[in-house]
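As structure tokens, the structure follows; a few thoughts come after it.
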Amino acid sequence: MKSITLTQFLTEERRAGHGNTDLNQLLEVVARACKRIGVATGKGALGGVLGEAGSENIQGEAQKKMDVLSNEILLDANAWGGHLAACASEEMEDPQQIPDAYPKGGYLLLFDPLDGSSNIDVNVSVGTIFSVLKRPENSGDDAATSEFLQAGREQVAAGYVVYGPSTVLVLTIGHGSHVFTLDREVGSFILTQRDAKIPQETSEFAVNMSNQRHWEPPMQRYVGDLLAGEQGPRGRDFNMRWVASMVADVHRILTRGGIFSYPIDASIREQGGKLRLMYEANPMAFIVEQAGGAASTGRGRIMDIQPDALHQRVPVFLGSREEVETAERYHRETPH
Ligand code: AFP
């Protein structure tokens, strides 16, 4: 069968009335930047890219060399195309404007340049997550932070790339979630699964169990019942997986189902959760919903949250629809 490249796929989608030339160019530039990040991560110790950068990001987290490099690769790649007004990143406190030397466009790009980067030194999958928003009408010259603060349902595109045994791009422009695999010899992303669908039911969950003592009562009850297995109220055994790279955990769930959770707990209550709404939870929620799954805080749809800060954090439950709805039911029914 003839292979379909990302370029061909986006062109055909545009002809079908989904997206436009500017958006396609933006997505291709992001995909190209991710190929470069993939090459750098793939070199590992040989590329001198492992280890700490010796700096901290805005969230006070130690940056890896690859966090800094991936951020630079995405910023440089997106500066000149004329389709963007500004970029926001996990690694930068404020949005970065498109340099005056280049034309500005109507889109805003948000990204986590290297998700799961604490895994890079041990050669476990890492990834890039991105989200695309339209600039509000009548915006000024510079894109203000407030322009980025749009609910997830306003996203026009979202994607992630997993740098694993193979490099895989998952993309949605609001008409299904589609999987592309990088042909490393040719240098092209090739469509390998059109309209991926997450199984509605699952017997697999993903959570960092070491936080259990900090969880709220609904989460204690929910996971307690999963662990009770066949003898418990759920009446079947559940398996657990935790890569600690959200991209890898979500990709497993997209492929074979499951529920991913990073709940609120006493140790992170003040910051609102662990995962960032704008460039982790929202893009993943868009992809998962487009694949027939669900994405919730446990108490409501993630993509309906009206953000109030660029680096806002939220609790996350996403994946197989029925299991996410079950987790929500535990939150509704358990006093906390
Ligand atoms: P890093 O990018 O700082 O490694 O964080 C990864 C992450 O944001 C997400 O990808 C994981 O699901 C989660 O954190 C892992 O959290 P734990 O460290 O609690 O396992």
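Going by what's in this entry, would Asp112 be described as of a type in the set (D, E, K, R), in contact with a helix residue (DSSP H, G or I) (Cβ under 6 Å, 6 or more places away or on another chain) and touching a residue at least 40 places away in the same chain (Cβ under 8 Å)?
Details: of a type in the set (D, E, K, R): yes; in contact with a helix residue (DSSP H, G or I) (Cβ under 6 Å, 6 or more places away or on another chain): yes; touching a residue at least 40 places away in the same chain (Cβ under 8 Å): yes.
So Asp112 fits the description; yes.
Would you tally the residues in the stretch 254-289 being in a helix (DSSP H, G or I), closer than 16 Å to Ala206 by Cβ and within 12 Å of the ligand (Cβ to nearest atom)?
The qualifying residues number 3.
Collect the residues in the stretch 290-304 that are more than 17 Å from Ile198 (Cβ to Cβ) and either part of a helix (DSSP H, G or I) or open to solvent by 10 Å² or more (accessible area, probe 1.4 Å) (or both), keeping them in residue-number order. Spell out how you get there, then give the answer.
Filtering the stretch 290-304 down to residues more than 17 Å from Ile198 (Cβ to Cβ) leaves 297-300, 304.
Listed by number, the residues that qualify are Thr297, Arg299, Gly300, Asp304.
Residues checked against (1) acidic (Asp, Glu); (2) under 27 Å from Val156 (Cβ atoms):
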residue: Leu23; (1), (2): no, yes
residue: Val29; (1), (2): no, yes
residue: Arg36; (1), (2): no, yes
residue: Gly47; (1), (2): no, no
residue: Ile58; (1), (2): no, yes
residue: Ala62; (1), (2): no, no
residue: Glu72; (1), (2): yes, yes
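If I filter the stretch 220-253 down to residues being in contact (Cβ under 8 Å) with a residue 40 or more places away in the chain and not in a helix (DSSP H, G or I), which single residue comes out as surrounded by the most Cβ atoms within 10 Å (Cβ to Cβ)?
Ser245
State yes or no: is Arg313 without any contact (Cβ under 8 Å) to a residue 60 or more places away in the chain, more than 24 Å from Glu147 (Cα to Cα) and open to solvent by 30 Å² or more (accessible area, probe 1.4 Å)?
Working: without any contact (Cβ under 8 Å) to a residue 60 or more places away in the chain: yes; more than 24 Å from Glu147 (Cα to Cα): no; open to solvent by 30 Å² or more (accessible area, probe 1.4 Å): yes.
No.
Within the stretch 179-217, take every residue that is within 30 Å of Ala228 (Cβ to Cβ) and assigned to a strand (DSSP E or B) and give me the one that is nearest to the ligand (Cβ to nearest atom). Give the steps one after another, and end with the answer.
Step one: list which residues in the stretch 179-217 are within 30 Å of Ala228 (Cβ to Cβ), which gives 197-217.
Add one more test, that the residue is assigned to a strand (DSSP E or B), and what stays is 204-206, 215.
Details: Glu204: 15, Phe205: 13, Ala206: 8, Trp215: 13 Å.
Among residues in the stretch 179-217 that are within 30 Å of Ala228 (Cβ to Cβ) and assigned to a strand (DSSP E or B), the one nearest to the ligand (Cβ to nearest atom) is Ala206.
Return the residue satisfying two criteria in turn: it lies in the stretch 106-124 and is more than 16 Å from the ligand (Cβ to nearest atom) and either assigned to a loop (DSSP other than H, G, I, E, B) or aliphatic (A, V, I, L, M) (or both), and of such residues it is surrounded by the fewest Cβ atoms within 10 Å (Cβ to Cβ). Show your work before the answer.
Kept after step one, since they are more than 16 Å from the ligand (Cβ to nearest atom), are these residues of the stretch 106-124: 106-109.
Right, trim to either assigned to a loop (DSSP other than H, G, I, E, B) or aliphatic (A, V, I, L, M) (or both) and you get 106, 108-109.
Working: Gly106: 18, Leu108: 23, Leu109: 27.
Looking at the filtered set, the residue picked out is Gly106.
Given the conditions (1) open to solvent by 20 Å² or more (accessible area, probe 1.4 Å); (2) assigned to a helix (DSSP H, G or I), which single one is not true for Ile73?
(1) is the only condition that Ile73 fails.
Looking only at the stretch 125-146, filter to residues that are more than 10 Å from the ligand (Cβ to nearest atom) and of a type in the set (A, V, I, L, M); which one of those is most open to solvent (accessible area, probe 1.4 Å)?
Ala144
For Phe189, only one of the following conditions fails: (1) closer than 30 Å to Leu10 by Cα; (2) open to solvent by 50 Å² or more (accessible area, probe 1.4 Å); (3) touching a residue at least 24 places away in the same chain (Cβ under 8 Å). What is its number?
Unmet for Phe189, out of (1) closer than 30 Å to Leu10 by Cα; (2) open to solvent by 50 Å² or more (accessible area, probe 1.4 Å); (3) touching a residue at least 24 places away in the same chain (Cβ under 8 Å): (2).
What number of residues within the stretch 20-63 satisfy the criterion of being among the charged types (D, E, K, R) and either under 22 Å from Ser166 (Cβ atoms) or in contact with a Lys or Arg (Cβ under 7 Å, 6 or more places away or on another chain) (or both)? Before you say what the answer is, go through the steps one by one.
Applying the first criterion (among the charged types (D, E, K, R)) to the stretch 20-63 yields 22, 28, 32, 35-36, 43, 52, 56, 61.
Adding the requirement that they be either under 22 Å from Ser166 (Cβ atoms) or in contact with a Lys or Arg (Cβ under 7 Å, 6 or more places away or on another chain) (or both) leaves 28, 32, 35-36, 43, 52.
Total meeting the criteria: 6.
Being in a loop (DSSP other than H, G, I, E, B) and open to solvent by 30 Å² or more (accessible area, probe 1.4 Å) is the filter here; which residues of the stretch 76-105 pass it?
The answer is Trp80, Glu93, Asp94, Pro99, Asp100, Ala101, Tyr102, Pro103, Lys104.
Go through (1) in contact with a Gly (Cβ under 8 Å, 6 or more places away or on another chain); (2) under 18 Å from Tyr330 (Cα atoms); (3) surrounded by fewer than 23 Cβ atoms within 10 Å (Cβ to Cβ) for Phe260 and report which single condition fails.
Result: Phe260 fails condition (3) only.
The values are calculated or read from the model by the stated rules, or taken from the named source; none is laboratory data. As the structure is a prediction and not an experimental result, all values here were calculated from the model. Neighbour counts are summed over all protein chains in view; Cβ atoms, including those assigned to glycine, are modelled from backbone coordinates with ideal geometry. Keep in mind that these areas ignore ligands, DNA and RNA; they rest on the heavy atoms of the full protein, side chains included. Shrake-Rupley method; radii C 1.70, N 1.55, O 1.52, S 1.80 Å.
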